[in-house]
Amino acid sequence: MIDQIFAITKKLDIPNPKVIERVESLFHADLPQLRQYWKRLGVGTLSVAMRVYSPERIEGELEEFRRRWKEYFLWGGVGSAVEPGFEADAIIIADSLDGDEVIQLPDGLYLLPRHRDVAVRIGDDLVDAIRYICSSGQIYTDIQFFWFESWVDRLSREFLADQLDFATARDFVNALPAAYYQEEPEDNYVSALLPDIEGSLTFIGAQAILHSDRYADVAEYVAALKELGCRPASS
């Protein structure tokens, strides 16, 4: 699965192999899928749903996470898969954009939910965590297309329209040279991945967000948005 993730960004932040090796020595069991993810994609966001931590962050912040988990034990609900003291063996691996945390314990990966008090075992390696967060329906709705965005040289531009109906926004987006389209009519949401600018264009109601490489030429998109009646939010 890792080798099938679509990378919208060409500039990647790949961790140092020596740091990967050093952090892997902390793990209770080998995580080959996590290692593959680091070496192929590096640091960034997966499908606007999940962040896999860099080995540098795991190494630098692990003790801070353990202190917080010990001080604020929030997963004592009936049937929870962890109990006080779990933090001594826990290693942070990833989180959802909503703050649900993925940890490794000696017998596998667990999810510490942000909004529930019952922790659950979710598998053994990174793909299990990705599927649970992105596709199980427990955290997010079923994500069908997995894509990756690094955090290197990124820029977002926000535009606003006085009025913009969903059908107009959808028709506008569907005409773009996109690698993938997504729409959620009930939320007036439609979005397209745009490889030519290494980013995306998203409409949420009358708001448009153009996200791209900082140095990409987005003039045509800006002009088209202007014709649609969208003005820069900062103006």
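Just so it is clear, none of the values below were taken in a lab; they were calculated from the coordinates. These numbers come from a predicted model, not from an experiment. Every residue, glycine as well, gets a Cβ built from its backbone with ideal geometry; the counts of neighbours run over all protein chains shown.
The rows are residues; the columns are (1) of a type outside the set (Phe, Trp, Tyr); (2) more than 12 Å from residue 139 (Cβ to Cβ); (3) assigned to a strand (DSSP E or B); (4) touching a residue at least 60 places away in the same chain (Cβ under 8 Å).
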site: 74; (1), (2), (3), (4): yes, yes, no, no
site: 94; (1), (2), (3), (4): yes, no, yes, no
site: 104; (1), (2), (3), (4): yes, yes, yes, yes
site: 116; (1), (2), (3), (4): yes, no, no, no
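Within region 186-231, if we keep just the residues that are hydroxyl-bearing (Ser, Thr, Tyr) and within 21 Å of the chain's Cα centre (by Cα), the residue that is nearest to residue 165 (Cα to Cα) turns out to be 189.
Filter region 195-233 down to residues that are in contact with a His (Cβ under 9 Å, 6 or more places away or on another chain) and hydrophobic (A, V, I, L, M, F, W, C) and give me whichever is farthest from residue 156 (Cα to Cα). Applying the filter and picking the extreme gives 197. Applying the set (1) in contact (Cβ under 8 Å) with a residue 12 or more places away in the chain; (2) under 17 Å from the mean Cα position of the chain (by Cα); (3) surrounded by 14 or more Cβ atoms within 10 Å (Cβ to Cβ) to residue 131 leaves exactly one unmet item: (1). Considering only residues in region 212-235 that are charged (D, E, K, R) and without any contact (Cβ under 8 Å) to a residue 12 or more places away in the chain, the one that is nearest to residue 194 (Cα to Cα) turns out to be 220.
Considering every residue within region 48-71, establish whether at least one is farther than 30 Å from residue 3 by Cα, in contact with a Phe, Trp or Tyr (Cβ under 8 Å, 6 or more places away or on another chain), acidic (Asp, Glu) and in a helix (DSSP H, G or I). There is no residue in region 48-71 that is farther than 30 Å from residue 3 by Cα, in contact with a Phe, Trp or Tyr (Cβ under 8 Å, 6 or more places away or on another chain), acidic (Asp, Glu) and in a helix (DSSP H, G or I).
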